[in-house]
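A quick write-up on the structure given underneath.
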Amino acid sequence: MVVIGAGFREAGAEGAAREQSLIDAAASMPVLGPNCNGFINVISGARPSGAPRMPLARGRLGFITHSGATIGPMGIAGVERGVGFSFLISTGNEAVVDMSECIDFLAQDADTQTICLLVETIR
């Protein structure tokens with residue numbers, strides 16, 4: 001599941017309680033976010049993301065960021081520079097799925113050769 005919406009832990013005590021409810025409800029289900037911009041699988045075309053649509057080229061670069069606002073600019077920079085992507089992933093608050101799990105996923109992905117990270121914090 002992808003939770004793009006904000007108003008969770010980053011919004012104070014009430015939002016932190018809301019995020020804990022999300023974690024509890026998720027149980028063993030993987031949840032990306034909240035407060036993220038989802039992901040784009042450029043190879044398959046899957047796009048549970050609020051990022052603007054752009055003509056992304058298929059490639060072997062996987063990009064992971066904590067920031068929800070960075071998938072769009074990174075995609076645009078790739079288009080402008082002729083860089084192709086396998087995935088663009090925003091992890092946001094990392095309530096359930098964190099960046100290390102996304103790195104592990106891309107490290108095992110046959111379509112990804114290089115992983116680029118934009119790290120805001122190391123937990």
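Based on the mean of other beta carbon atoms within 10 Å per residue, what is the order of 38-48, 81-91, most packed first?
81-91, 38-48
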For this session: Find how much the distance from Gln20 to Ala6 grows on full extension, using 0.36 nm per residue of separation minus their present alpha carbon separation; answer in nm with one decimal.
Result: 3.7 nm
Exercise. What list of ³J(HN,Hα) couplings, whole Hz, do you get for region 87-94 from phi and the Karplus terms 6.51, -1.76, 1.60, once you set θ to phi - 60° and write x for glycine and proline?
Worked result: 9, 10, 10, 10, 9, x, 6, 6
Exercise. Any idea what % of Cα-Cα pairs in region 53-123 are farther than 21 Å?
Worked result: 22
Problem set entry | Rounded to the nearest 20 debye, dipole of the chain from Cβ charges on Lys, Arg, Asp, Glu | 440
Problem set entry | Distance histogram in 5 Å bins (all Cα pairs of region 24-88, percent per bin) | 4, 18, 29, 23, 13, 7, 4, 2, 0
For this session: From largest accessible area down, sort Glu101, Glu14; use a 1.4 Å probe on the protein chains.
Result: Glu14, Glu101
For this session: Over the chain, with every protein chain in place, what whole percent of the accessible area is carbon and sulfur at 1.4 Å, could you tell me?
Result: 56
Problem set entry | Interchain or long-range residues, amide H under 5 Å from Val31's placed H | Val96, Val97
For this session: Give a quick list of trypsin sites (Lys or Arg not before Pro) in region 13-77 that DSSP marks as loop, anything other than H, G, I, E or B, with at most 12 other Cβ atoms within 10 Å.
Result: Arg53
Problem set entry | Long-range amide H partners of Cys116 with built H, under 5 Å | Gly62, Phe63, Ile64
Exercise. Excluding ligands, DNA and RNA, what is the solvent-accessible area per residue of region 20-76 at a probe of 1.4 Å, expressed in Å²?
Worked result: 46
For this session: Take the alpha carbon atoms of region 1-57, find their center, do the same for region 107-123, and report the distance between the two centers in whole angstrom.
Result: 17
Seminar exercise, completed: What one gets for region 1-121 as the Kirkwood radius, inverse of mean 1/r over different Cα pairs in Å, is 14.4
Exercise. Could you give me the ³J(HN,Hα) list for region 47-55, computed from phi with Karplus coefficients 6.51, -1.76, 1.60 and θ = phi - 60°, whole Hz, x at Gly and Pro?
Worked result: 8, x, 8, x, 5, x, 6, 8, x
For this session: Please tell me the relative contact order of the chain in percent, rounded to the nearest whole number, where contacts are Cα pairs under 8 Å and at least six residues apart.
Result: 28
Exercise. Which percent of Cα pairs goes in each bin when the distances of region 84-123 are cut into 10 angstrom slices starting at zero?
Worked result: 26, 58, 16
Seminar exercise, completed: Given the candidates Ala17, Ala46, Thr65, the one whose Cα lies deepest towards the positive end of the charge dipole of the chain, counting +1 at each Lys or Arg C-beta and -1 at each Asp or Glu C-beta, is Ala46
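The values are calculated or read from the model by the stated rules, or taken from the named source; none is laboratory data. The structure displayed is predicted, hence computed values, not measured ones. Cβ atoms come from the backbone with ideal geometry, glycine included; neighbour counts cover every protein chain shown. For the accessible areas, the whole protein counts, side chains as well, though only heavy atoms, and no ligand, DNA or RNA atoms are used. Shrake-Rupley method; radii C 1.70, N 1.55, O 1.52, S 1.80 Å.
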